[in-house]
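Computed from the coordinates by the stated procedures, all read-outs in this text should not be read as laboratory data. Please read these numbers as outputs of a predicted model, since none were measured by experiment. With ideal geometry, Cβ positions are generated from the backbone for all residues, glycine too; neighbour counts draw on all protein chains shown.
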Amino acid sequence: MDPRLHLLFSRRSVRRFTAEPVNHQEIEALLQAGMAAPSASNVRPWHLVTVTNRSTLAALAEAHPNGKMTAHAAVAIVVCGDPVASPRYWVQDCSAVTENILLAATALGLGSVWLGCHPNTDREVAIRAALGIPEQIGVLSLIAIGRPAEHPSARTQYDEARDHRERW
Ligand SMILES: Cc1cc2nc3c(=O)[nH]c(=O)nc-3n(C[C@H](O)[C@H](O)[C@H](O)COP(=O)(O)O)c2cc1C
């Protein structure tokens, strides 16, 4: 692992959080990082819904079948996309936003986990209902963020068998 890429390798899914809050500047930094993502034709079809209210976090935890940790997170960011703005690429664009937020959280010493939503319609419907998101807006991911109560090791998952040089 190249030490210059340590930040990237140390991004791991964190599913247990302490009760310590995340401050306003940190949330601002996460949103800045998310919206720095690349997007097709720079359309930026994303909308980010940030939640710190404890009962709304609990509602999000209920809305996602694998999202129980969201109830104990300090903040959740729901990455949404507008399929009208970018019919072909909103999913990729919003995935780039999600990864940027995970990397920024790592850089700030926060723990985070990507909880997949789209194309699971049931998850999208439940999260839209919890947050008042318009029906035509896609819900790409729910990111639970907080101070980490577990510290998975940095690692690469480099796999020679999937590394094809010059030709497959
Ligand atoms: C599209 C997507 C959906 C995911 N959904 C979930 C999920 O519903 N619940 C969860 O605990 N982790 C979820 N994850 C996190 C993966 O389980 C995790 O990234 C993977 O096991 C590799 O571990 P790492 O993130 O620590 O490198 C998701 C990740 C991606 C990219």
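Relative to a virtual label point 7 Å from the Cα of Asp159 in the Cα→beta-carbon direction, which members of segment 115-153 show backbone nitrogen distances below 20 Å? It comes to 116, 153, nothing else.
Ranked highest first by the average count of other Cβ atoms within 10 Å around their residues, in what order do 47-59, 105-117 fall? Walk me through the intermediate numbers first.
Working: 47-59: 15.8, 105-117: 20.9.
Sorting 47-59, 105-117 by mean packing, highest first, produces 105-117, 47-59.
Given segment 1-130, report the % of alpha carbon pairs whose separation exceeds 18 Å. Tail fraction, whole percent: 55. Sorting the segments 151-158, 70-77, 29-36 by their residues' average number of neighbouring beta-carbon atoms within 10 angstrom, most packed first, yields 70-77, 29-36, 151-158. Sites count as exposed loop sites when they are GluC sites (Glu not before Pro), lie in a DSSP loop, and have at most 15 other Cβ atoms within 10 angstrom; the longest stretch of the chain without one is 1-134.
For a Förster distance of 45 Å, can you work out the FRET efficiency between the beta-carbons of Ser55 and Ser10, rounded to the nearest 0.05? It comes out at approximately 0.90.
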